[in-house]
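Heads up: the structure comes next, in C-alpha cells.
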Amino acid sequence: MSHRSVAIDGPAGAGKSTLARKLAQKLGFLYVDTGAIYRTVALAVLRAGADPADEAQVVPLLDGLEIKMAYDTDGVQRMYLAGEDVSQAIREHRISGAASKASAIPAVRAFLLDFQRRQAREHDVVMDGRDIGTVVLPDAEVKIFLTAAPEARARRRLLELEQRGQEADFETILQDIRNRDWQDEHRALSPLKRAADAALLDTTDLNLEQSCERLLSLVKEKIAL
Ligand code: DC
C-alpha cells in the first residue's frame, strides 16, 4: 500500500515544527522533523572534533554513523546517536550553525536522503525541512512553503528564549537567522526554495492559532479530513 505524505518546507523559525506536529496529530500521520536528523549528524561531527564545513573531514565520518529515530508514547520524535538519546543535545545553539554547514555537503545529503525516504515509504508522514517538497518527496500529496519575515522570526525566537529564562539580544538573533537563511538558500545542492507546486503560507502577521487554521485549510484543499 502506498503511503500519504505532506511536505512542509521553509526557513528556520517560521513555525514549521510546531505547525507540522499539530497537523500530523490531526491527520493521524507520523511527524518527521528532518532538521533533527541533520542536527544529529552535526553533533556527531563536532564530537569527533571535525569541522562541519570541511567536506574532507566530514565524509569519512559518515560510514561509522549510527543514527536512529524513534517515537515515544506521546508521538514525540527522539534522536539517537550510537544508542545515546541526543534529543536535547541537538537543540543547543552551536548545533544550529553546524547543521546548516554540514547540510551543504553533498555526501551528507545523499546519506540522509534514503533515511528520510524510508520513513515516507513505511508511514503516512508530515515531513518538514528545507528540501522535502523539492527533492525528498517530490510526489507529496500536499506541499506547503511556510515562511515569515526575518524580523518576525527573530521576535518569536527572542520570546521563546526569554520564556526559558535565557538572555538574548534581538539584533544577534536576527543576524543569526539571516546568516542561516543565506547559507540554506545559497548552497549548490538542494537549496531552500519553494517548490513550483507548493502553496505559500506567510505567517508574519499571523499568530499560532491563525497559522494553524490557514495550514489546515490549505491541506483540506488536497486531502479529505
Ligand atoms: O530545521 P532545523 O533548524 O532543525 O535545521 C537545521 C539545519 O539543517 C538547517 O539550517 C538546514 C539543515 N536542513 C537541511 O538542509 N535540509 C532539511 N531537510 C532539514 C534541515
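The values are calculated or read from the model by the stated rules, or taken from the named source; none is laboratory data. Please read these numbers as outputs of a predicted model, since none were measured by experiment. Positions of Cβ are generated from backbone atoms using ideal geometry, with glycine treated the same way; all protein chains shown enter the neighbour counts.
Restricting 97, 129 to residues that are within 16 Å of the ligand (Cβ to nearest atom), in contact with a helix residue (DSSP H, G or I) (Cβ under 8 Å, 6 or more places away or on another chain), modelled with pLDDT under 95 and small (Gly, Ala, Ser) narrows the list to 97.
The condition of being within 30 Å of residue 214 (Cα to Cα) and either under 15 Å from the mean Cα position of the chain (by Cα) or surrounded by fewer than 22 Cβ atoms within 10 Å (Cβ to Cβ) (or both) holds for only one of 24, 56, 89, that being 24.
Among the candidates 199, 195, 188, which residue alone is small (Gly, Ala, Ser), within 17 Å of the chain's Cα centre (by Cα) and either modelled with pLDDT of 90 or more or within 16 Å of the ligand (Cβ to nearest atom) (or both)? I'd like the intermediate steps shown before the answer.
On the way: 199 fails: within 17 Å of the chain's Cα centre (by Cα); 188 fails: within 17 Å of the chain's Cα centre (by Cα).
Only one candidate passes the filter, namely 195.
Is at least one residue of region 6-15 surrounded by fewer than 21 Cβ atoms within 10 Å (Cβ to Cβ), within 16 Å of the ligand (Cβ to nearest atom), modelled with pLDDT of 95 or more and charged (D, E, K, R)? No, there is no match, as no residue in region 6-15 is surrounded by fewer than 21 Cβ atoms within 10 Å (Cβ to Cβ), within 16 Å of the ligand (Cβ to nearest atom), modelled with pLDDT of 95 or more and charged (D, E, K, R). Residue 182 satisfies every condition listed in (1) within 14 Å of the ligand (Cβ to nearest atom); (2) in contact with a Pro (Cβ under 9 Å, 6 or more places away or on another chain); (3) free of Cβ contacts under 8 Å to residues at least 60 places away in the same chain except (2).
Only one of the numbered conditions (1) assigned to a helix (DSSP H, G or I); (2) out of contact with any strand residue (DSSP E or B) (no Cβ under 6 Å at 6 or more places or on another chain); (3) under 20 Å from residue 26 (Cα atoms) is not met by residue 173, and that is (3).
With respect to residue 147, determine if the residue is among the polar types (S, T, N, Q), touching a strand residue (DSSP E or B) at 6+ places or on another chain (Cβ under 9 Å) and away from the ligand (no atom under 12 Å from the Cβ).
So residue 147 passes the test.
Would you point out which residue out of 34, 40, 18 is within 14 Å of the ligand (Cβ to nearest atom), at negative phi, surrounded by fewer than 17 Cβ atoms within 10 Å (Cβ to Cβ) and within 13 Å of the chain's Cα centre (by Cα)? Exactly one residue qualifies, and that residue is 18.
The single residue among 105, 132 that is touching an Asp or Glu at 6+ places or on another chain (Cβ under 7 Å) and farther than 22 Å from residue 13 by Cα turns out to be 105.
Going by the conditions given, is residue 121 modelled with pLDDT under 95, more than 9 Å from the ligand (Cβ to nearest atom) and in a helix (DSSP H, G or I)?
Taking the combined requirement at face value, the residue does not satisfy it.
Just one of the listed residues (156, 180) is out of contact with any Cys (no Cβ under 7 Å at 6 or more places or on another chain) and either closer than 20 Å to residue 23 by Cβ or surrounded by fewer than 16 Cβ atoms within 10 Å (Cβ to Cβ) (or both), namely 156. Of all the criteria given as (1) among the aliphatic types (A, V, I, L, M); (2) farther than 29 Å from residue 207 by Cα; (3) surrounded by fewer than 17 Cβ atoms within 10 Å (Cβ to Cβ), the one not satisfied by residue 50 is (3). Determine if region 68-86 includes at least one residue that is among the β-branched types (Val, Ile, Thr), surrounded by 14 or more Cβ atoms within 10 Å (Cβ to Cβ) and more than 12 Å from the ligand (Cβ to nearest atom). The answer is yes, given that some residue of region 68-86 is among the β-branched types (Val, Ile, Thr), surrounded by 14 or more Cβ atoms within 10 Å (Cβ to Cβ) and more than 12 Å from the ligand (Cβ to nearest atom).
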